[in-house]
């Protein structure tokens, strides 16, 4: 074990505030970065590991790889180095929250468990970030509740985000990341309660599917209230992981949503070749969450496709412009609402045009949609024919009882025909004619279809 750093002691530009915890390979302290006075977490190696150059190189490789892996659910590393006394250290962001292990202990004390939906939300976040890490050739190898920190995040599902800690025994599968460090294929690394069968058999067969198994153990514990296997001693636990099947989750956790129990047991298959990938697990959980919430598709992190080790960055980017939680599917509903408003506006505009045309031309137009409708053109209006005058006498006087009718101007409507005049005997020459009826404005022919 390493000596405990004291309050006020300095490591480079960092002043120690207090000890936060210790693990198998090192200790973590709260520290202040000066002169910024920034609160950070400082992790150191134990003395025996600090004297092992392979362990120190692996320690620093973890910092280099994590500094390139940008994801909101991975703790960020900002600095690393050696102090004047030879102490190797990493500087990470300081997290305010509690571990999943502490949360489960508190619930067990009260006789409670996390709901299936909450468990799926946490599992989905872990699977999503591990899928990104696996695409970068990083296998965590120690997924367990102690290494999963729950921090407040208002945009995360349920208002909490999972942060994955401690990549201290992570396996780096890319030669350029390993820096020449080789892992003993017979070494057993991990925590026995959550180790995969191939991990129990040695480090040689460990790959991304080992993290799938470990996450399955965590989800089983969250939903059932205990791990898949319980025994005294690491040896018995290792034997159970290698040869025994866990008790069905459905028998220990009643009323689980459809498919949840089957998904967890697929993650716990002994043969790693038959387990789904972490990317498939994240997709399956996303579909379950979408169905349970009644929203749209769950946003996944976009996996990087570049093979350049200097450009391996994974940033959370939305695929379908939607968010998690209560806002699932919100964008698609807004698009439908906009389309309905646009359609209603078009109908109203067409109705106004129809009313105007009807007022001017007396012909309504149909609002039915037709492909490529021809333009609406008013039909040509022929000129009105001249009114038929009754036969006149030899006299230049107008016939009795018949008013002089002016000629109608051309218009769009038919003229009002004159009434036929009955045949009467012509008056004798020299006889006075009755006075003609004066023309009044009401007797003039009306123009239909136009306004003066």
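Determine whether the range 207-220 contains at least one residue that is more than 16 Å from residue 123 (Cβ to Cβ) and not in a helix (DSSP H, G or I).
yes
Within the group 135, 115, which residue is within 25 Å of residue 96 (Cβ to Cβ) and surrounded by fewer than 22 Cβ atoms within 10 Å (Cβ to Cβ)?
Among 135, 115, only 115 is within 25 Å of residue 96 (Cβ to Cβ) and surrounded by fewer than 22 Cβ atoms within 10 Å (Cβ to Cβ).
Looking only at residues in the range 1-41 that are surrounded by 14 or more Cβ atoms within 10 Å (Cβ to Cβ), in contact with a helix residue (DSSP H, G or I) (Cβ under 8 Å, 6 or more places away or on another chain) and part of a loop (DSSP other than H, G, I, E, B), which one is modelled with the highest pLDDT?
Within the range 1-41, the match that is modelled with the highest pLDDT is 25.
Being at pLDDT below 95 and either more than 30 Å from residue 3 (Cβ to Cβ) or not assigned by TED's automatic domain parsing to the domain that holds residue 192 (or both) is true for just one of 88, 127. Which residue is that?
88
Which one of these does residue 49 not meet: (1) surrounded by fewer than 19 Cβ atoms within 10 Å (Cβ to Cβ); (2) not in a strand (DSSP E or B)?
The number of the failed condition is (1).
Quick grid of which residues meet (1) in contact with a helix residue (DSSP H, G or I) (Cβ under 6 Å, 6 or more places away or on another chain); (2) surrounded by fewer than 21 Cβ atoms within 10 Å (Cβ to Cβ); (3) farther than 29 Å from residue 300 by Cα:
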residue	(1), (2), (3)
234	yes, yes, yes
241	yes, no, yes
246	no, yes, yes
252	yes, yes, yes
258	no, yes, no
269	no, yes, no
273	no, yes, no
279	yes, yes, no
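Being part of a loop (DSSP other than H, G, I, E, B), touching a strand residue (DSSP E or B) at 6+ places or on another chain (Cβ under 6 Å), modelled with pLDDT under 95 and surrounded by fewer than 20 Cβ atoms within 10 Å (Cβ to Cβ): is that true of residue 95 here?
Taking the combined requirement at face value, the residue satisfies it.
Looking at the range 177-194, can you tell me whether even one residue there is modelled with pLDDT of 85 or more and farther than 29 Å from residue 232 by Cβ?
No, the range 177-194 has no match at all.
The values are calculated or read from the model by the stated rules, or taken from the named source; none is laboratory data. All values reported here derive from a predicted model rather than from experimental measurement. Quick reminder, even Gly has a Cβ in these numbers, built from the backbone with ideal geometry, and neighbours come from all protein chains shown.
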